[in-house]
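Reviewing the structure listed below.
Values quoted throughout were computed directly from the atomic coordinates according to the rules given, and no laboratory measurement underlies them. Since the model is a prediction, treat every value here as computed from it, not as a measurement. Note: ideal-geometry Cβ built from the backbone for every residue, glycine included; neighbour counts use all protein chains shown.
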Amino acid sequence: MTIQAKDFSNREDLNNHIKSEIGDNLILNRQEGHLIEGTKEELEALFLDKYSNIYGCKVKVIEKV
């Protein structure tokens, strides 16, 4: 599953979405390849960068189109 950072106004909403939609199992989420994707600015608004992960979901920075 790919989660779009732009869909969330704050980090708490993102955390709650991940826990409710895919769960908080670090190992399983990593194995499934779940991603949080957004521009650098969108991710910074959620206090994330390319080195972050939430409940095993990796963060991917995308370029503005």
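Near residue 47, once Lys and Arg are set to +1 and Asp and Glu to -1 for all other residues with Cβ below 12 Å from its Cβ, the sum equals -3.
The region of the chain that goes longest without hitting one of the trypsin sites (Lys or Arg not before Pro) in a DSSP loop, each with at most 13 other Cβ atoms within 10 Å, is 1-49.
Within the P(r) computed for the chain, what percentage of the Cα pairs occupies the region above 17 Å? Write down the numbers at each step before the final one.
Numbers: 630 of 2080 pairs.
Of the Cα pairs, 30 percent sit more than 17 Å apart.
Contact order for the chain, expressed relative to its length and based on alpha carbon pairs under 8 Å spaced 6+ residues apart, stands at 37 percent. Only DSSP H runs of four or more residues enter the estimate; each adds -39500 (n - 2.57), and after division by the residues of the chain the mean residue ellipticity at 222 nm equals -10000 deg cm²/dmol. Using the Cβ of residue 2 as centre and a radius below 14 Å, the other residues enclosed give a net charge of -2, where K and R count +1 and D and E count -1.
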